[in-house]
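One structure is given here, and the rest of the page talks about it.
The values are calculated or read from the model by the stated rules, or taken from the named source; none is laboratory data. These numbers were taken from a predicted model, which means no experiment stands behind them. In this analysis, Cβ positions are derived from the backbone assuming ideal geometry, glycine residues included, and neighbour counts consider all displayed protein chains. Quick note on the areas: whole protein, heavy atoms, side chains included, nothing else; ligands and nucleic acids left out. Shrake-Rupley method; radii C 1.70, N 1.55, O 1.52, S 1.80 Å.
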Amino acid sequence: MRRRTFALLVCPVLSLTLATSCKSHQDLTTASSQISFGVRAAKMNLWREARFRFERAVELDPSNAMARNDLAVAYEGSGDFEKAREEYLAALQLDRSNPYIQKNYSRFMEFYTRNRRREESIVKTEASRVDAPQGEASAVTAAPPGEPPPDETDDPVSPENGDER
């Protein structure tokens, strides 16, 4: 009986203490609290959670340039580069003088343009391989300069050379 009374008296007090001292128990109805939560998630590389929190912050306060900047960073972290670019531009439109947004956007655009050029180069290379006529050798299978092209009859394991498998 004593144990039960002790548990009934201590548990409500203990739960009240934990709830008020725990940092995760906060009012998430403001943009700033959503941003704080999102920043903690981003620091742990939890980009989906961070993105969700920053999206929520933008919903709560669409004119918050830092929320849009943070959302752009989260989109970038999760690989959605088109949405990241859109959010960076929206953040800059709201606050052109913010050095953090300018720095993030500049860094992103440098990466973004370099990455797009590389992707376009890969697409062109793949397209040229597909478009190459059947009779011509592609650059991948061509013989090195100065060497004759490989002859099918010179194959050491071909039946014509006496080797059979």
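Of note:
- For the stretch 118-133, the condition of being modelled with pLDDT of 85 or more, among the basic types (K, R) and either assigned to a helix (DSSP H, G or I) or under 26 Å from the mean Cα position of the chain (by Cα) (or both) holds for none of the residues.
- Residue list for the stretch 87-120, restricted to those being open to solvent by 50 Å² or more (accessible area, probe 1.4 Å) and hydroxyl-bearing (S, T, Y): S97, Y100, Y105, S106, T113
- Within the stretch 51-79, residues that are β-branched (V, I, T) have Cβ atoms under 6 Å from residues that are assigned to a helix (DSSP H, G or I) and open to solvent by less than 40 Å² (accessible area, probe 1.4 Å) in these pairs: V58/A67; V58/L71, counting only partners at least 6 apart in sequence or on another chain.
- Residues in the stretch 78-86 include at least one that is open to solvent by 40 Å² or more (accessible area, probe 1.4 Å), in contact with a Lys or Arg (Cβ under 8 Å, 6 or more places away or on another chain) and within 22 Å of M109 (Cα to Cα).
- Enumeration of residues in the stretch 35-54 that are more than 19 Å from N98 (Cβ to Cβ) and open to solvent by less than 60 Å² (accessible area, probe 1.4 Å): F37, A41, A50, R53
- Lone unmet requirement of (1) at pLDDT 90 or above; (2) in contact with a Ser or Thr (Cβ under 7 Å, 6 or more places away or on another chain) for A57: (2)
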